[in-house]
Amino acid sequence: MQHDDEGSTTAMTGTFRRIAVYPGTFDPVHRGHLDIARRAAKLVDELVVAVYKTPSKNLLFSTEERVALWQECIAEEGLTNVRVESFEGLIVEFARKQGAQATVRGLRAVTDFEYEFQQALMNRKLAPEIETLMIITALPHLFISSSLLKEVARLGGDLDGIVPPHVARAIHDRLGR
């Protein structure tokens, strides 16, 4: 496969493919993440959910578990143009290896924007050929964050509507509930 600034081109067919990477820790994946992935998948030929291997966060799930939770979500949602990969290092380097033209980020609040704006500018400096697509979180998911939902779960709260059922089971199993 060859690619250029205009998009990914398959050498044998000459077809043009738009590929985007949606990176994150996703510990765990929740309905807000799924909403962003579903909407981003409509904009591109292929969306790669990129699960970050080595964040400086206290994780509930291993990389392999986070990938598996995403894969089950994708299968349940029928997102045929979405796949999941783990990565480490710079997201722009991973995106280049995937032949991606863009990264996708979800925005919930002004504080998200400030962080994502800085990140996008740094990524543009490192890889000017890769765009950043920011998608505003849908209203029903504005309050959801992985850290908040883990705290709710630790305190015995109901995760219905916040995470898919298989993710809720995995969280409760991990926490011994």
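The values are calculated or read from the model by the stated rules, or taken from the named source; none is laboratory data. Note that the structure is predicted; figures quoted are calculated from it, not measured. Ideal geometry is used to build each Cβ from the backbone, glycine not excepted, and the neighbour counts take in all protein chains shown. With ligands, DNA and RNA removed, areas are computed over all heavy atoms of the protein, side chains included. Shrake-Rupley method; radii C 1.70, N 1.55, O 1.52, S 1.80 Å.
Using the structure shown, decide if Arg124 is among the charged types (D, E, K, R), free of Cβ contacts under 8 Å to residues at least 12 places away in the same chain, open to solvent by 80 Å² or more (accessible area, probe 1.4 Å) and more than 23 Å from Val163 (Cα to Cα). Outline the logic, then answer.
On the way: among the charged types (D, E, K, R): yes; free of Cβ contacts under 8 Å to residues at least 12 places away in the same chain: yes; open to solvent by 80 Å² or more (accessible area, probe 1.4 Å): yes; more than 23 Å from Val163 (Cα to Cα): yes.
The answer is yes for Arg124.
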Note to self: Suppose we keep only residues that are assigned to a loop (DSSP other than H, G, I, E, B) and over 14 Å from Ala20 (Cα atoms) within segment 88-126. Which one would you say is modelled with the lowest pLDDT?
What the structure shows: Ala109
Next item on the list: Looking only at segment 147-165, decide whether some residue is out of contact with any Ser or Thr (no Cβ under 9 Å at 6 or more places or on another chain) and within 29 Å of Arg17 (Cβ to Cβ).
Entry: yes
Checklist line | Pick from segment 128-141, criterion open to solvent by 40 Å² or more (accessible area, probe 1.4 Å) and touching a residue at least 60 places away in the same chain (Cβ under 8 Å), ranking: farthest from Pro23 (Cα to Cα) | finding: Pro140
Notebook entry, point to check: Of all residues in segment 36-90 being open to solvent by 60 Å² or more (accessible area, probe 1.4 Å) and polar (S, T, N, Q), which is nearest to Ser147 (Cα to Cα)?
Noted result: Asn58
